[in-house]
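Worksheet for the structure shown next.
The values are calculated or read from the model by the stated rules, or taken from the named source; none is laboratory data. Please read these numbers as outputs of a predicted model, since none were measured by experiment. Reconstructed Cβ throughout: ideal geometry from the backbone, glycine too, with neighbour counts over all protein chains shown.
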Amino acid sequence: MEIRTRVIKGQYHDSVLLMLAAKEIKKVEGVVDAAVLMGTEANKALLKQAGLLTEEAQSASADDLVISVKKDKGVDAILSQIDDYLVNKSPTAAGSLKKELQSIRSAVRSDLKLNFAEISVAGAYAAREARDALANGLHVLLFSDNVSIEDEISLKKYAVSQGLLLMGPGAGTAIINGVGLGFANALPPGPVGIVSAAGTGLQEVSSILARFGVGISQAIGTGGRDLSMNVGGLMAIAGIKALIEDMNTKVIVLISKPADDEVKEKILDVLKTGKKECVICTLGAKFERPQDGNIHFTHTLEECAYKAAAIMGVDLPDFQLFIKNEIKKQQAQAQELRSKLGSGQKFIRGLYSGGTLCYEAQVIWKEMLKEPIFSNAPLDKKNYLKEKNSHQFHTALDLGEEEFTVGRPHPMIDNDLRARYISMAASDPTTAVVVMDVMIGYGAHPDPGLELGDAVKLAKKEADQHGRALLVIACVTGTMDDSQGLAETITKLEKAGVVVCETNAQSARLAGLVVTS
């Protein structure tokens, strides 16, 4: 079996195009595996774990394109034709896309009614394009990440001065006037307005609300750093003020990781002046009491959605009673699952495409487990995970972090990265349970249930060959109206042997019970 690498210096391509090129190469007869990605350290680590790292690939820089192919023979012929995959296979080359507008300014001039721009370009160029859009009077969803904190502050200050929204950078989700931007779900219109520094957190809460029959008025993403001391909650406050003035919004929901204390107080002051009922979920934060006037504090995304639905009149039992009954049912389920494992299988392997869902799981596990959870996005910096494939403790990977998305598509679009980690978990004799989120909706993979289901089947087969069982627990974030289909996605996963829970919090609790039962 031959492994060959071609490194192209200083060549950048859109990450989705790289994903498509890798898929095309894998279709070639005799190809066992292939990777087409930028030469970042995280990508090199992945190549090493996949057995595709060569000396040439190791020497590549983050600005270099790396193509590694494992094939029975004739690898060099494929590498010599890589331009065919990167250029001739692209939609633009095939003539399916017609470029007419070359800049934001030309787009605005062509249609004076335009008032919104969604920007998704490499981080090095994103701030410039966002500034151009703001200067042309457009609200902006800045989907791009890898934008400096200095640029973010400058852009948001300018946006606020112009009465515009600058959502991002790294704002993965927004719903404005019923239109989903970035990654979003098909949701009914309704009375709940959301401001969120967490894209998948916004999706999880709004999808749970939809299952309760409660819709969304507006959903404003701020980017994950907005509530930090440096940024000062500029966009969260602007979004909250807009929802206070919005006649269609009856309840305001704020979602984030723990905020800077001064920023939190500023936001609470704004919410109190608005008089509307407000539900806050700052994951992992502690509050003296569950309610302060019109403001309700919640611990998890699940509780946040539950509380907002109850405020809107949905007939629900007390949340703590609900959780108590859920845990009682899950304890019996966990004992049955645990009986399938060997004594050496004791660790959780969290593999998340959503950073907020990874964080929520860690919040829950911190209360349940005696051992710490190590992560590339940990609750406590001392638990930072240096070795991404560690066998020594519980791990929770946020595969949507910037370290994994430079030069490759987000894991909500491309399942290849997670499939590889599922396989690695199966080969690890200490793995007890793999926990993952499965995101559906606009922008997400068209059939994640099928692809991830196939990856789980292969991993279970691999574990079985070593005399072990592999437990996989997941939740599906989405709605019945999403194109992938909530019920259809769940069915595909269950057929692959995945235990599917209704919410991310429930899947985390079940996994925690498995390793503690």
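Taken together, the residues in segment 313-352 that are closer than 25 Å to His394 by Cα, outside any helix (DSSP H, G or I) and of a type outside the set (Ser, Thr, Tyr) amount to 11. Per the conditions (1) aliphatic (A, V, I, L, M); (2) more than 19 Å from Gln335 (Cβ to Cβ); (3) out of contact with any Asp or Glu (no Cβ under 7 Å at 6 or more places or on another chain); (4) in contact (Cβ under 8 Å) with a residue 12 or more places away in the chain, the sole criterion not satisfied by Ala487 is (4).
With respect to Leu357, determine if the residue is in a strand (DSSP E or B) and either crowded, with 19+ Cβ neighbours inside 10 Å or at pLDDT below 95 (or both). Spelling it out, it is not the case that Leu357 is in a strand (DSSP E or B) and either crowded, with 19+ Cβ neighbours inside 10 Å or at pLDDT below 95 (or both). Meeting the requirement of 1 or more residues that are closer than 30 Å to Gln162 by Cα and at pLDDT 85 or above, the helices (runs of 4 or more DSSP H) wholly within segment 17-132 are 104-110. For segment 241-269, which residues satisfy the criterion of being without any contact (Cβ under 8 Å) to a residue 12 or more places away in the chain and more than 21 Å from Thr300 (Cα to Cα)? Correct list: Glu245, Met247, Asp269.
For segment 405-423, taking the residues that are part of a helix (DSSP H, G or I) and among the hydrophobic types (A, V, I, L, M, F, W, C), the one that is surrounded by the fewest Cβ atoms within 10 Å (Cβ to Cβ) is identified as Ala419. The residue list Ser196, Ser161, Ser154 contains one member that is buried (at least 24 other Cβ atoms within 10 Å of the Cβ) and of a type in the set (Gly, Ala, Ser), which is Ser196.
Contact map, segment 303-327: residues that are at pLDDT below 95 paired with residues that are surrounded by fewer than 11 Cβ atoms within 10 Å (Cβ to Cβ) and assigned to a loop (DSSP other than H, G, I, E, B), Cβ distance under 6 Å, separation 6+ or inter-chain. No pairs are found.
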